[in-house]
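Accompanying notes for the structure given below.
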Amino acid sequence: MNYREAITTITELLDDQLVVCANGLISREAYTIRDRPENFYMIGSMGMASSIGLGVALGKPARKVIILEGDGNLLMNLGSLPMAGSLQPGNLLHIVLDNEVYASTGNQPTISNVIELEEIAKSSRYAYVRKVTTNDDLKREVVYTLGNDGLSFLLVKIADQEEEREIGRVTHDPEQIKERFMSTM
Amino acid sequence: MHKSEDFAQELIDSGYDFFTGVPCSIIGNLITTLTDRPDITYIPAVREDAAVGVASGAYMAGKIPVVLMQNSGLGQCLNTLTSLNLIYKLPCLLIVTWRGFEGKDAPEHLVMGRTCNKLLDTIGIPHHDFNHDNIKSLVNMSYKLVTENREPMVLFLKKGIIE
């Protein structure tokens, strides 16, 4: 599974869930695969996807909120895991696409090849934590976590390289991204 | 000295309804007051940028947020302020304690103490200073500006104004 396949699988299972997409390739892929107003695309503020998603989840407890970020983003703001765990927002699903590299800047290694991020989520009191490595498992776990309350964390191990291709950038300007996102709430 | 309870009430009365931050001794009682009030939520943040991130998410979900921090925390959240709040127009009121004001503080506060206001001028975030007489008017003015301009704003709080 490469991250484009993972994002495609997740996107196909979405209805009106709010998704905070981390900066870099994750936002660009999510935008390219299926642009939707419920997606908030970060273009900067690396590391903040988990904090922004937590804020949205706290402000809109009746809506399911998904954080879609990579291992690099999470490692930059690891404190967001215990913050969410201390608050237990049941409407928050945290999905980490873990390819063990900073793919957006040319595949320099992170440290998640030796650090088990799902264990940090568990010790941060996430109520439901799963690590998935196949597309079928990802699909099953996304279906389950979208349908159930409880602070959840899915670590999606991305083993395959993306084929070389051009990928677009998000063409909406930042204010448009925000206005659209807010209009869906 | 202005009481922290009254200060908190003025923030709430003006319309702010989401509170997060990282403590400083100057706002210790204010944070305790906000934490103890049953009618509002104060979210303890692990870092100042995480606080600004949570506040930004809460704003998009319909809240008008306040972030509390020491001026040392401005450095921590500089990238979030410049590459999130300023470009997406995501507002919040930042109440920032001004440690190191006029060089009278511990060494770790002195550089930020003499530059924190200029730092905000450089990145284009408006700021004002609380004094003994302007708390209510500054809080009310900040709410109007934050919600109308949809940009972050800093109100500096020096030692000795609230207790």
> Charges only on Cβ, +1 for Lys and Arg, -1 for Asp and Glu: so what's the dipole of chain A about the Cα centre, in debye to the nearest 20?
Replying inline: 560
> What translational diffusion coefficient, in µm²/s and rounded to a whole number, does the Stokes-Einstein relation yield for chain A at 25 °C and a viscosity of 0.890 mPa s, taking the hydrodynamic radius as the Kirkwood radius over Cα pairs?
Replying inline: 153
> For A:Arg125 and A:Ser86 in the same chain, what is the full-extension length gain: residue separation times 0.36 nm, less their Cα-Cα distance, in nm?
Replying inline: 13.3 nm
>> Nearest 500 deg cm²/dmol is fine: what mean residue ellipticity at 222 nm does the protein assembly as shown get from its DSSP H runs of n ≥ 4 alone, each adding -39,500 (n - 2.57), divided by its residue count?
In response: -12000 deg cm²/dmol
>> Among DSSP bridges having both ends in chain A, what percentage is antiparallel? Round to the nearest 5.
In response: 10
> About the Cα centre of the protein assembly as shown, what is the dipole size in debye to 20, counting +1 per Lys and Arg Cβ and -1 per Asp and Glu Cβ, all else neutral?
Replying inline: 480
> Quick one: if the Förster radius is 41 Å, what FRET efficiency do B:Ser25 and A:Glu179 give, using the C-beta to C-beta distance and rounding to 0.05?
Replying inline: 0.55
>> Using a Förster radius of 25 Å, what is the FRET efficiency between A:Gln108 and B:Thr82 based on their Cβ-Cβ separation? Nearest 0.05, please.
In response: 0.60
> How big, on average over all directions, is the shadow cast by the Cα convex hull of the protein assembly as shown, in nm²?
Replying inline: 17.1
> Quick one: if the Förster radius is 25 Å, what FRET efficiency do A:Leu78 and B:Asp133 give, using the C-beta to C-beta distance and rounding to 0.05?
Replying inline: 0.05
> For the stretch B:126-150 and the stretch B:18-53, what is the separation of their Cα centres, given in Å?
Replying inline: 19
>> 7 Å from Cα along Cα→Cβ at both A:Glu163 and B:Thr115: what's the point-to-point distance in nm?
In response: 5.0
>> Projecting each Cα onto the charge dipole of chain A (Lys/Arg +1, Asp/Glu -1 at the beta carbon, about the Cα centre), which of A:Pro109, A:Ile158, A:His172 comes out farthest on the positive side?
In response: A:His172
> In whole angstrom, how far apart do the alpha carbon centroids of the stretch A:168-185 and the stretch B:92-124 sit?
Replying inline: 33
> What is the count of Lys pairs in chain A whose alpha carbons sit under 26 Å apart, if the two are 8 or more places apart or on different chains?
Replying inline: 14
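We did not get these values from a lab; they are worked out from the coordinates using the rules stated. Note that the structure is predicted; figures quoted are calculated from it, not measured. A quick note on method: Cβ atoms are made from the backbone with ideal geometry, for glycine too, and the neighbour counts reach across all protein chains shown.
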